[in-house]
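A short write-up of the structure that comes next.
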Amino acid sequence: MSQQRVLVLYASTHGHTGKIADRLGALLRERGLAVQVRELGTPAAEHVDITEHDAVLVGGSVHAGRHQKELVDWIAAHHTRLSARPSAFFSVSLTAADDTDEARAMTRAMIDDVLDDTGWLPRETVAFAGALQFEQYNLPTRVLMRLIARRHDLDAEVHKDTDYTDWAAVERFAEAFAASLQPSEVLS
């Protein structure tokens with residue numbers, strides 16, 4: 001039997017979602033899958049063909065309460081093919097770092113907005129906490145991110161980056177997704 005092929009496609013504004021996508025790719029490779037990791041908006045992702053993959057993970061980050069428009073547009077254009085194969089959506093936000101009922105509801109609503117706007121029916125969705133990357137931000141973004149961090153009661157050193165991602169949760173998600181891929185689900 002041939003090795004199952006997985007596409008990990010993502011959109012990232014400041015690079016942290018890319019780190020999570022790369023880690024997911026590495027973890028899936030460790031589990032014997034052939035993985036391509038591609039960032040939307042790059043030449044490598046421009047001509048990605050979903051039909052060449054048996055499963056697809058799609059991820060994006062949240063800014064101003066919404067996922068990237070290019071990500072939502074891409075999902076909308078490919079939702080039928082995505083829904084026809086094992087697929088999952090991962091969302092990266094600071095809201096996911098806040099362990100309150102209100103934050104969990106907001107995080108779920110942002111994910112639901114993507115699914116409602118695109119018609120995609122992924123097998124699974126997951127939210128990962130993001131990072132404050134002050135070294136990457138311009139001055140207005142830095143001020144805004146300080147306000148957001150305060151709102152979510154996040155301890156943040158405003159002169160250095162702070163990673164809130166639960167990397168063990170990323171590993172558990174990758175392991176569960178890999179385990180869920182059954183040989184009968186390989187699509188041609």
Fill in the blank from the handout: Looking across the stretch 44-64 at residues that are within 22 Å of Arg29 (Cβ to Cβ) and of a type in the set (Val, Ile, Thr), the single one that is modelled with the lowest pLDDT is Val48
Problem - Condition check for Ala34: of a type in the set (A, V, I, L, M) and under 29 Å from Asp161 (Cβ atoms) - result: no
Practice task
Could you tell me whether any residue of the stretch 68-81 is closer than 20 Å to Ala179 by Cα and in contact (Cβ under 8 Å) with a residue 12 or more places away in the chain?
Solution key: no
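The values are calculated or read from the model by the stated rules, or taken from the named source; none is laboratory data. This structure is a prediction, so every number in the text was calculated from the model and none was measured. Because the Cβ atoms are built from the backbone with ideal geometry, glycine has one as well, and the counts that use them run over all protein chains shown.
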